[in-house]
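Beneath this line is the structure, given in structure tokens, with notes to follow.
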Protein chains: 2
Amino acid sequence: MRRLHRVSEALPRALQHLRPPPELEVPLASALGMYAAERVVSSFKLPPAPKSVVDGYAVRAADVEAASQHSPVPLRLRGELLRPGSRGGLSLGPGEAVKVETGALLPEGADAVVPVEDAVEEGGGVLVLRKVTRLENGSLPGEEYDEGLVIVERGSRVTPVAIAALALEGRGSLRVYNLEARLLNVGDEIVSGTYFRPFTHLFLASWLEQHGVRVVEVSQVGDDEEAVREWVSRGGSYLTVLIGGTSMGGHEVTVRAVEGLNPEFMVHGFAVQPGKTACLAVLGGRPLVALSGLPVAAMSTLELVVRPLLRGLGLRLPEYPRVLARLTRRLTTKAGLLGFARVRVFERNGELLAEPVMVGGSGSLASLLRGNGFVVVPEEVEGFDEGEVVEVHLYGEVLAA
Amino acid sequence: MRRLHRVSEALPRALQHLRPPPELEVPLASALGMYAAERVVSSFKLPPAPKSVVDGYAVRAADVEAASQHSPVPLRLRGELLRPGSRGGLSLGPGEAVKVETGALLPEGADAVVPVEDAVEEGGGVLVLRKVTRLENGSLPGEEYDEGLVIVERGSRVTPVAIAALALEGRGSLRVYNLEARLLNVGDEIVSGTYFRPFTHLFLASWLEQHGVRVVEVSQVGDDEEAVREWVSRGGSYLTVLIGGTSMGGHEVTVRAVEGLNPEFMVHGFAVQPGKTACLAVLGGRPLVALSGLPVAAMSTLELVVRPLLRGLGLRLPEYPRVLARLTRRLTTKAGLLGFARVRVFERNGELLAEPVMVGGSGSLASLLRGNGFVVVPEEVEGFDEGEVVEVHLYGEVLAA
């Protein structure tokens, strides 16, 4: 068997050959979950003038200095009602008050707000029952929105809060990374239909979609180096994923096909278990990943190679929630290999426990269904003992006992 | 001001009047991120027979009992190559071996696999250099996939692993909840265009989409009770969200409109801060939420009312990652109100710290941009002291210092 490459050594070398993904301007409404290709910083202050933070009456604080329950101060009530978004233009004279809703800008001349519960309307006026100080119940300019706030960083995933702020900036569109992927199932048994219900390509496509990568094509070819090469060359998407045909035994169609495309960079064989047979290449500055058709090996390659690769490109892929949990029994991995160890985390008596779910090897979809998380075991470690506390990446829900 | 309702008291009563969302059969390829409306349990075993977990040679263990480096055992090598998904039919005779790839079913007669590195091909035969025991390097039936595994629970969100298993079950479609929402912006200032760049509806729509709710309509009407009623009555989606017009001062158009629709259930005013003015109603068995147009109040209602409401309906909405962090200064909330307190979590010297970001009140989009998480402060608590460790729900990324 060939030399196995450590992920921590292979990725930095791959990244030297990779170009960042292409960029694309998309309407704001479709930017949610995509990765920003620009840094956007807020450019103005809100409110531009003090704003009321309560429902009440805008006043001049100086007019109500003497107000109390026992000696209410009467003010003339203007007929207007100032509401959030109302245009300015009104100017409040001495001895006047005007009704304001929460969120309304104070009119010129006003510098405080008497809450509705501290005043009583009477005839054409209002009795103020409590003094307010300057800017009391009024927000400062810039409190709601300010200059210089980072709305999105280059590479960050666009969130609902970012969408809100971009809309407030008047942005109708955003520059994002055009993260497209093409997937190819390789194998005569897939094409001929003799393979029993292939599913790993659907797992991969769903994982990529969940992480903001748009899958634009899923195809299949037989064990035909030339056909694989032809399909890869035809594609224009940033990421290419080849499934199956990476075995280190006789059946290396995929790997030979990639070699034949003269990649700028290629490693075949990672010091990772499962997922040893994965292959990572750079073709025309774009990443190509060839991985096992076995589901656990494929997931291991996604989590331990593809995710850090994309993060290394500056795309801030979300991480799973991580929890600390106590092992219910020993978790064994091979020394020298980065371990992708499945566990089932559950709660018992208020404590999180992690039960290793190692049975079945790389092909065990059952282990992914039984489990809800994985532990990444460093190369230098051969596993963890029963009772040790480990950090688990949760891809599923945690249930009670 | 009216009586404020505790969320913990209002939600159970609302749930008594709510019907579950309607159901819908969707193609498997589009089920990712939706909520399953059926429980699916796996129905068969894989492999049906032992399977090779290495590349190597399928043998009868009894034939190679005496094999070692010094006295290799020669076997006749069959011409076939058994691969994953190869159809059965081959029967291995005594003294025979057949080449197998990882994942291939062992042929009848074989009960173990010699790894490729423990054998040497020579002429038409293979020399076995190491003994293997029965089922060594072969997986047991059911190891990869087994009967009785829960693939999706009713109400759980469909994950990539579930998609894989449903495909393996031969499912081309899945019954899911048809979670649709309509959003209405209420306000003359919105319709007239005098409101400066409204954005809260985009925040709400993005939040709902992120949580697997499909927003099918976003409209706007002025401060017109009858128009709000007409719009609400026209709609067929499960969830209705009205934005603005919930103030407890003069401007309660939305709330009055909802009252006029004779809801089976309605509360207006939650003991929550911010977000006091929110309104929750049940109309024809379906939820209607009216919430503030101010972004922090709106987010508070989403997190403290809408999320638990949907979870109460059995929809397992994902939770944000939660971390424990030490407060950099006192975090104050009002006694008797459930507090939605924004914080910025950052890492310093390996410790997670949480800085309260309370400035600016309900309207402060700035506080949502500056912060990356929130602390839910129970009604009985008036806040936490500087140095206390609090649990933070992270809606954004944690950065260093």
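Remarks
- Filter pass, B:Leu353 being modelled with pLDDT of 95 or more, closer than 22 Å to B:Val272 by Cβ and in contact with an Asp or Glu (Cβ under 8 Å, 6 or more places away or on another chain): no
- Enumerated strands (runs of 3 or more DSSP E) restricted to segment B:114-223, each holding at least 2 residues that are more than 23 Å from A:Pro318 (Cβ to Cβ) and more than 9 Å from every other protein chain (Cβ to nearest Cβ): B:119-122, B:125-128, B:173-177, B:180-186, B:214-221
- Residue within segment A:37-46 that is more than 30 Å from A:Val120 (Cβ to Cβ), surrounded by 22 or more Cβ atoms within 10 Å (Cβ to Cβ) and more than 24 Å from the chain's Cα centre (by Cα) present: yes
- Criterion (more than 26 Å from A:Gly396 (Cα to Cα), buried (at least 20 other Cβ atoms within 10 Å of the Cβ), away from chain A (no Cβ under 13 Å) and hydrophobic (A, V, I, L, M, F, W, C)) met by exactly one of B:Leu304, B:Leu288: B:Leu288
- Being surrounded by 22 or more Cβ atoms within 10 Å (Cβ to Cβ) and more than 29 Å from A:Gly155 (Cα to Cα) is true of A:Val228.
- Cβ-Cβ under 6 Å pairs, at least 6 apart or on other chains, segment B:27-47 side in a loop (DSSP other than H, G, I, E, B), far side basic (Lys, Arg): B:Ala37/B:Arg175; B:Glu38/B:Arg175; B:Arg39/B:Arg154
- Flag if B:Val359 is surrounded by fewer than 24 Cβ atoms within 10 Å (Cβ to Cβ) and modelled with pLDDT of 95 or more: no
- Test: A:Val282 is modelled with pLDDT of 95 or more, surrounded by fewer than 22 Cβ atoms within 10 Å (Cβ to Cβ), more than 27 Å from A:Leu369 (Cβ to Cβ) and within 14 Å of chain B (Cβ to nearest Cβ): no
- Whichever residue in segment B:185-206 is at positive phi and without any contact (Cβ under 8 Å) to a residue 24 or more places away in the chain and, among such residues, is farthest from the chain's Cα centre (by Cα): B:Gly193
- Any hit, segment A:250-259, residues being in a loop (DSSP other than H, G, I, E, B), acidic (Asp, Glu) and out of contact with any Asp or Glu (no Cβ under 6 Å at 6 or more places or on another chain): yes
- Among (1) more than 13 Å from every other protein chain (Cβ to nearest Cβ); (2) within 29 Å of B:Glu397 (Cβ to Cβ); (3) of a type in the set (Val, Ile, Thr) - the single one A:Val40 does not satisfy: (1)
- Checking each residue in segment A:363-401 for being out of contact with any Asp or Glu (no Cβ under 9 Å at 6 or more places or on another chain) and under 16 Å from A:Gln273 (Cα atoms) picks out A:Leu368, A:Gly373, A:Val377, A:Pro378, A:Glu379, A:Glu380, A:Val381, A:Glu382, A:Gly383, A:Phe384.
- Any hit, segment A:338-361, residues being more than 14 Å from chain B (Cβ to nearest Cβ), of a type in the set (D, E, K, R) and either within 30 Å of A:Leu32 (Cα to Cα) or in contact with a Lys or Arg (Cβ under 6 Å, 6 or more places away or on another chain) (or both): yes
- Scanning segment B:233-243 for residues that are modelled with pLDDT of 90 or more and under 11 Å from B:Leu183 (Cα atoms) gives B:Ser237, B:Leu239, B:Thr240, B:Val241, B:Leu242, B:Ile243.
- The set of residues from segment B:319-376 being assigned to a loop (DSSP other than H, G, I, E, B) and of a type in the set (Val, Ile, Thr) comprises B:Thr328, B:Thr333, B:Val357, B:Val359.
- The set of residues in segment A:56-84 that are surrounded by fewer than 22 Cβ atoms within 10 Å (Cβ to Cβ) and within 21 Å of B:Gly193 (Cβ to Cβ) comprises A:Glu80, A:Leu81.
- Of all residues making up segment A:268-278, the number that are part of a strand (DSSP E or B) and at pLDDT 95 or above: 2
- Residue check, A:Val289 more than 22 Å from A:Leu365 (Cα to Cα) and either among the charged types (D, E, K, R) or assigned by TED's automatic domain parsing to the domain that holds A:Leu183 (or both): no
- Residues of segment B:377-396 that are in a loop (DSSP other than H, G, I, E, B), touching a residue at least 60 places away in the same chain (Cβ under 8 Å) and within 14 Å of chain A (Cβ to nearest Cβ): B:Tyr395 alone.
- Residue that is modelled with the lowest pLDDT [pool: residues in segment B:362-401 that are among the acidic types (Asp, Glu) and within 27 Å of the chain's Cα centre (by Cα)]: B:Glu397
The values are calculated or read from the model by the stated rules, or taken from the named source; none is laboratory data. Quick caveat: nothing in here was measured; it's all calculated off a predicted structure. Here the Cβ is made from the backbone with ideal geometry for all residues, glycine too, and neighbour counts use every protein chain on show.
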